[in-house]
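Reading through the structure tokens given below for one structure.
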Amino acid sequence: MTAADTHRAIDAVWRIESARIIAGLTRIVRDVGVAEELAQDALVAALEQWPESGVPDNPGAWLMATAKHRAIDHFRRNTRLERKHEELGRELQAQQEMAVPNFDAALDDDIGDDLLRLVFISCHPVLSTEARVALTLRLLGGLTTEEIARAFLVPEPTVAQRIVRAKRTLSEERVPFEVPRGPELAARLSSVLEVIYLIFNEGYSATAGKDWMRPALCEEALRLGRILAELAQREPEVHGLVALMEIQASRLGARIGPSGEPVLLLDQNRALWDQLLIRRGLAALQRAEELGGARGPYALQAAIAACHARASTASETDWQRIAALYEALRQLTPSPIVELNRAVALSMAFGPAAGLELIDTLASEPSLKAYHLLPSVRGDFLFKLGRFVEAQAEFERAASLTRNARERELLLERVRACEQGPSHRGAE
């Protein structure tokens, strides 16, 4: 194996094993920042040693054992934690000695619990949303600061500062490394699911830049969601979120045209939808429903996505059911965004006038003032009603608000269609 091959192997191993290693170390040292540093030390050791010695048979266990050895050194150096050093040092030394003949023993039996704890600490509400996203991708996704910055089109120093501040905040606030219990669990789980879905959505419809999508972020969010579903098997909303992401991800190959241009849902070639992901999504949705209780917001959105997935053609879509599901979602978690989506469903089920009536009630909503999809959707309703001059103004406003270059091009095409009038009516 060449040095380049070894480095590629190390990168792959790190992506797979880093979260488990950091999780196990955090339980021991009780500081996620220190745990990540120790894990990085182990990675450096691998980069130095494996090109000469070769990749171990169990590389994850090798990294864990090496990181634990670094933890012993850390406690020895830290005179302020002398008592803790004596207690934990003996324990870690014993584990290290046991790991020599069998690296499998270096991995803790409750590594699944450790991973779940790491999920909850990375997404702790004490952190800002941006910090939670960055820390989750760093600790659980194994992404570098550069990769996170590139994915979200922000400067690398900004991401680095978010991560440093997040780890410092967790340490200063003494956030416990534990899975919340009782009434606190629902709120904390909601924060975790929000972070994962934010990552997915940024990949599914990029906020800014020249690309319509960033599939790598969707894949990372799906991976995190699947891990969480394995760790929290009795939580229906976890399965609801996984179902939603699986079904939405099934459309990725059909959402862009040959030149990278956006292809809207009703215009997509459904033969390009990934049937394996659809089956996985429907199975996850069924699992969420089997666990009982009222449907949560992610399960409801997954049920909406399932309506599209089950329709072999756009004309077969059950828009009345989708409108009813959005009404249920509105009652559960009322928001202007939900109302905007409900307006689209109503327009498809009962005509554009019905959608326009609802969307006009959102015109003064402060949170939608700079949201490009409000004038975009309103423009579509007006276009279908033959009110081309008004529609053109809405599409122009939407194009001025979006920060995504591909989306802007799509909206400017709608502007041109309005200029040509009735000949392009119903083009979508």
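With surrounded by 16 or more Cβ atoms within 10 Å (Cβ to Cβ) and not aliphatic (A, V, I, L, M) as the only criterion, which of 202, 184, 178 stands out? Outline the logic, then answer.
Numbers: 184 fails: surrounded by 16 or more Cβ atoms within 10 Å (Cβ to Cβ); 178 fails: surrounded by 16 or more Cβ atoms within 10 Å (Cβ to Cβ).
Result of the check over 202, 184, 178: 202.
Mind listing just one residue for me: the one in the stretch 32-51 that is of a type in the set (Val, Ile, Thr) and within 19 Å of residue 76 (Cα to Cα) and, of those, surrounded by the most Cβ atoms within 10 Å (Cβ to Cβ)? Here the answer is 32.
Among the residues examined, residue 246 does not qualify as among the charged types (D, E, K, R), open to solvent by 60 Å² or more (accessible area, probe 1.4 Å) and on the phi < 0 side of the Ramachandran plot.
Only residues that are in a loop (DSSP other than H, G, I, E, B), open to solvent by 70 Å² or more (accessible area, probe 1.4 Å) and in contact (Cβ under 8 Å) with a residue 12 or more places away in the chain were counted across the stretch 295-346, and they come to 2.
Across the stretch 133-148, the qualifying residues are those that are in contact with an Asp or Glu (Cβ under 6 Å, 6 or more places away or on another chain) and part of a helix (DSSP H, G or I), and the one among them that is nearest to residue 39 (Cα to Cα) is 145.
Selection of the stretch 129-150 for residues being under 12 Å from the mean Cα position of the chain (by Cα) and among the small types (Gly, Ala, Ser) yields 134, 141. Would a scan of the stretch 275-290 turn up a residue that is open to solvent by less than 80 Å² (accessible area, probe 1.4 Å) and in a loop (DSSP other than H, G, I, E, B)? No, the stretch 275-290 has no match at all.
From the list 388, 381, exactly one residue is open to solvent by less than 30 Å² (accessible area, probe 1.4 Å) and either within 29 Å of the chain's Cα centre (by Cα) or aromatic (Phe, Trp, Tyr) (or both). Which is it?
On the way: 388 fails: open to solvent by less than 30 Å² (accessible area, probe 1.4 Å).
Answer to the selection: 381.
Among the residues of the stretch 191-220, those identified as of a type in the set (Gly, Ala, Ser) and closer than 24 Å to residue 371 by Cα are 191, 203, 205, 206, 208, 209. Among the residues making up the stretch 2-34, those that are charged (D, E, K, R), in a helix (DSSP H, G or I) and under 20 Å from residue 116 (Cα atoms) are 15, 17, 20, 27. Scanning the stretch 298-320 for residues that are among the charged types (D, E, K, R) and within 11 Å of residue 247 (Cβ to Cβ) yields a single hit, 310.
The values are calculated or read from the model by the stated rules, or taken from the named source; none is laboratory data. Keep in mind that what you see is a predicted model, and the values were worked out from it rather than measured. Don't worry about glycine lacking a Cβ; one is built from the backbone with ideal geometry, like all the others, and counts go over all protein chains shown. In case anyone asks, the SASA skips ligands and DNA or RNA and just uses the protein heavy atoms, side chains included. Shrake-Rupley method; radii C 1.70, N 1.55, O 1.52, S 1.80 Å.
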